[in-house]
Amino acid sequence: MTEHRFPEDFVFGTATSSYQIEGAWNEDDKGESIWDRFVHTPGTIEDGTTGDVACDHLHRWREDLDLMSDLGLDAYRFSISWPRVLPRGVGAVSEAGLSFYDRLVDGLLERGIRPFATLYHWDLPQALQDRKGWPARDTVDAFCEYAEVVCRRLGDRVKDWITLNEPFVSAAVGYSEGRHAPGHRNEEEALAATHHLLLAHGRSVPIVRENSPNANVGITHVLYPFHAASESDHDVLAAQRFDGAINRTFLDPISGRGYPSVVPYDRSVLESSVRSGDLERIAVPIDFLGVNYYTRHVVRSDVVAEPENAPRTVRPSGETTDMGWEVYPEGLFEVFDMLRREYAFPAYHVTENGAAYPDAVDREGTVHDPDRVSYLRRHLAQVARIVDEGIPLRGYFVWSLLDNFEWSFGLKKRFGLIYVDFESGERVPKESYHWYKRVIAGRTIDGI
Ligand code: IFM
């Protein structure tokens, strides 16, 4: 049996995001976010729920920190709500909002847990969306102002920063597919948003460094292996185009290569947002790449004749999670193998990995979630393999600490190591929590 032992300094964590757990959507002087507006629009969320309360983390954060401490976490990745800190996106700062994150960071450090802060995990201030949001170049300036406010306040204690979480999803799912806030269906907007998000990343990295001496700064992308459904040239090209749109549109520019050419969208539309100096700014050196990994995609071309080749992903068969996503642990290795061969970032963290299952509390008061344990165990085995190969993967964060608001699916998709009763707010650690606790304590998954 291969030994799955992790280096002593390997970072075991969990991840969450502000809108998904905090609740308190209009408490104190917090501004409205695009997600507040979206969830209050009828028909947007599958189960009709909202993140108005979610896990009520804003009020229960001490209890959550105690659970993290019991779990033995080395690190906790959370995000900061921009409209909680700057209610109108720019200008007046909310002291109540900033001091919440102050207390959270102090609470983490008191418990020996390293804070990893994400500046943007999709909750744009609605006031900025009213001025067009990410398709507008001004939003980049607004983001820089926000980054400076946050880093000036927390930069003495937070030393691990992630500028953006999954800019692909913010741009494509929010502005083109319409399934996420702000719910637009406009590809031109999505392509302008893509460039402005990446520029916001590039321009904010020096701001973070200036206000947080000796910090590690990175960006998080969601990455997938794209497999062609057959060896036909059409399927192979379709897979390459998906890879171009979702992986390489976000990896190439931060690596100084500009935007890729094998993509399904009209590249000239994306490039019409690019101004002189932008690509150099986006390619600013980072300390690590955050990788969110969940599954792979198998891609088939719908039509045979070029250039109408319209790719689609094939519905997975075999083992899937409650999201309908194929369980494919080897894909995590495939992603890192591709990164090693083609990009070679200085270091990496798996900033999200996990699975939703329809968990319930049984009569004994326990939550039995063997499928999640099996999912995590198999993915952690791949993490150990990646580390053993000498790829500089420094940490792994389970998505998620708590069951939370899973965007357009609402509260019904449970990703947590901790079950949350959304009526009472009660937290119940699942069996996977106890399993992960033993992994962290032993720094091994052998025999666990
Ligand atoms: O819940 C999300 C998270 O906000 C971003 N990455 C994927 C997770 C599961 O869908």
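Throughout, read-outs are computed from the coordinates displayed, never taken from laboratory work. Remember, predicted model here, so these are calculated numbers, not experimental data. Don't worry about glycine lacking a Cβ; one is built from the backbone with ideal geometry, like all the others, and counts go over all protein chains shown.
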For region 105-185, what is the Kirkwood hydrodynamic radius in Å, using each pair of distinct C-alpha atoms? 14.1
Looking only at region 415-431, which residues have a backbone nitrogen under 14 Å from a spot 7 Å from the Cα of Asp362 in the C-beta direction? 430-431
Provide the gained length on full extension for the span His59 to Asp302, in nm with one decimal, where the gain is 0.36 nm per separating residue minus the Cα-Cα distance. 82.5 nm
How much of the calculated P(r) for region 361-440 lies past 22 Å, in percent of all Cα pairs? 33
For Ala245, the net charge from surrounding residues (Cβ-Cβ under 14 Å; K, R +1; D, E -1) works out to -2
Note on region 295-448: C-alpha Rg/Rh, Kirkwood Rh, two decimals, gives 1.03
How much length would be gained if the chain were fully extended between Ala441 and Ala96, taking 0.36 nm per residue of separation minus their Cα-Cα distance, in nm to one decimal? 120.6 nm
State the three equivalent ellipsoid semi-axes of the chain, derived from the C-alpha gyration tensor as the square roots of 5 times its eigenvalues, in descending order and whole Å. 30, 28, 22
Binned at 10 Å starting from 0, the alpha-carbon pair-distance distribution of region 123-269 in whole percents comes out as 11, 36, 33, 15, 4, 0
Roughly how many Å is it from the Cα centre of region 364-420 to that of region 64-123, as a whole number? 21
Compute the distance in nm between two label points, each set 7 Å from the Cα along the Cα-to-Cβ direction, one at Arg137 and one at Glu280. 1.6
Once you place label points 7 Å from the Cα toward the Cβ at Glu27 and Asp9, how far apart are they in nm? 3.8
Long-range amide H partners of Asn216, meaning residues 5 or more apart or on another chain whose placed amide H is closer than 5 Å, are Asp160, Trp161
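Given Cα pairs under 8 Å that are at least 6 residues apart, what percent is the relative contact order of region 346-448?
So the answer I get is 31 percent.
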Excluding same-chain residues fewer than 8 positions from Lys132, which lysines have a Cα within less than 28 Å of its Cα? Lys30
Have a look at Glu110, Glu352, Glu431 and tell me which one the Gaussian network model of the chain (Cα, springs below 10 Å) gives the largest fluctuation. Glu110
Gain upon complete extension [Arg152, Asp106; 0.36 nm per residue less C-alpha separation]: 15.0 nm
Relative contact order of region 67-119, please, whole-number percent, based on alpha carbon pairs below 8 angstrom and at least 6 residues apart. 51
As a test, work out the antiparallel percent of DSSP beta bridges whose residues both lie in the chain, rounded to the nearest 5. 20
Distance (nanometres) between label positions extended 7 Å along Cα→Cβ at Ser232 and Met323: 2.9
Give, as a single signed number, the net charge of other residues whose beta carbon lies under 9 Å from the beta carbon of Arg114, with Lys and Arg counted +1 and Asp and Glu -1. -1
What number, in nm² with one decimal, is the all-direction average of the projected area of the convex hull of the alpha-carbon atoms of region 225-358? 9.6
Mean Cβ neighbour count within 10 Å, used as a protection proxy, ranking 360-371, 270-281, 214-225 highest first: 214-225, 270-281, 360-371
Efficiency of FRET from Cβ geometry, Ser69 and Asn186, R₀ 60 Å, rounded to 0.05: 0.85
